[in-house]
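Undergrad: Before anything else, here's the structure in question.
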Amino acid sequence: MKIIVGLGNPTREYEGTRHNVGFSVIYNISDAYNIKVDTKKHKALIGKGVIEGQKVILAMPMTYMNLSGESVRELMDYYKCDLEDLIVIYDDISLDVGKLRIRGKGSAGGHNGIKNIISHLGTQEFARIKVGVGEKPKHMDLADYVLGRFSKDEQPLIREAADKAKQAVATIITQGIDVAMNKFN
């Protein structure tokens, strides 16, 4: 079983923000594979289903971004999954809007949600799909930027990125992370 976690913040005020790109990808995956993500469990909204013949849990932590590790740890423990069964999807300000970067491990790179997951799991060794949300303008506060919404020009790029991230998840599941990195990075 694979656990696919999209990071974001709960409540409507954060819908569509740069920081909630992980949630957007989970919605895209849930629509494509007809997996309802509507069960409250493990400090998350989860849905169980099948992607390319593999059982999966789709999850959106409801802990707020900075405490995402609490939910991820509960999911991993409850479903007795190995680290290679975890895929985390989140926003990255070091990538241009709509660009993807897939990694099998790595540091948090300043992302507080990933920092918290690393802290709770005790390792950096898990797959992640980073979705570019663009660099913060110099005059802007980081929190204001990532909690802001995409411009009209950026919206098609993010929709396309969510679709590519969905394809990347399927590739990781069927062919492994190395193939996905070669194909989507």
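The values are calculated or read from the model by the stated rules, or taken from the named source; none is laboratory data. From a predicted model like this one, the values you see are computed outputs, not experimental measurements. Counting neighbours? That spans all protein chains shown, and the Cβs are built from the backbone with ideal geometry, glycine included. The protein model used for the area step is the full one, side chains on, heavy atoms only, and it has no ligands, DNA or RNA in it. Shrake-Rupley method; radii C 1.70, N 1.55, O 1.52, S 1.80 Å.
Undergrad: Quick check: at a probe of 1.4 Å, how many percent of the accessible area of the chain sits on carbon and sulfur atoms?
TA: Ligands and nucleic acids excluded, carbon and sulfur give 47 percent.
Undergrad: Taking amide hydrogens as modeled 1.01 Å from N in the peptide plane, which residues meet the under 5 Å criterion relative to Leu45, leaving out close sequence neighbours?
TA: Met60, Met62
Undergrad: Now for a separate question. Spin-label point model (7 Å from Cα, Cβ direction): what's the Glu135 to Asn112 distance in nm?
TA: Rounded to a tenth, the inter-label distance reads 2.3 nm.
Undergrad: For the range 101-165, with every protein chain kept in place, what is the accessible area per residue (1.4 Å probe, Å²)? Walk me through the intermediate numbers first.
TA: Values: 3580 Å² over 65 residues.
Value for the range 101-165: 55 Å² per residue.
Undergrad: Compare Thr11, Thr39, Thr123 in a GNM of the chain, Cα atoms joined below 10 Å, and give the one with the largest fluctuation.
TA: Ranking Thr11, Thr39, Thr123 by mean-square fluctuation puts Thr11 first.
Undergrad: May I ask you to derive the FRET efficiency for Arg12 and Asp178 from their Cβ-Cβ distance with R0 = 41 Å, giving the value to the nearest 0.05?
TA: On the way: r = 39 Å, r/R0 = 0.94.
For Arg12 and Asp178, the calculated efficiency is 0.60.
Undergrad: Still on this structure, please answer the following. 7 Å from Cα along Cα→Cβ at both Ala32 and Tyr78: what's the point-to-point distance in nm?
TA: That separation, rounded to one decimal, is 2.5 nm.
Undergrad: Can you run the Rg to Rh ratio on the range 64-134? Use alpha carbon positions and the Kirkwood inverse-distance Rh.
TA: 0.97
Undergrad: Over all pairs of distinct alpha carbons, what does the Kirkwood formula give as the hydrodynamic radius of the range 7-90, in Å?
TA: About 12.9 Å for the range 7-90.
Undergrad: Suppose all protein chains stay in the model; what accessible area per residue would a 1.4 Å probe give for the range 1-94, in Å²?
TA: For the range 1-94, the per-residue accessible area is 45 Å².
Undergrad: If exposed means no more than 11 neighbouring beta carbons inside 10 Å and the site is in a DSSP loop, what's the longest run of the chain without any exposed trypsin sites (Lys or Arg not before Pro)?
TA: 1-79
Undergrad: Can you give the angle from 0 to 90° between the axis of helix 68-78 and the longest principal axis of the chain, with both taken from C-alpha atoms, to the nearest 10?
TA: Tilt of helix 68-78: around 10 degrees.
Undergrad: Label-point separation (nm) for Ala170 and Gln54, each offset 7 Å from Cα along Cα-to-Cβ?
TA: 1.3 nm
Undergrad: What are the extents of the Cα atoms of the range 56-185 along their three principal axes, in Å, largest first?
TA: 44, 30, 22
Undergrad: Projecting each Cα onto the charge dipole of the chain (Lys/Arg +1, Asp/Glu -1 at the beta carbon, about the Cα centre), which of Tyr145, Thr63, Phe184 comes out farthest on the positive side?
TA: Ranked along the dipole, the leading option is Thr63.
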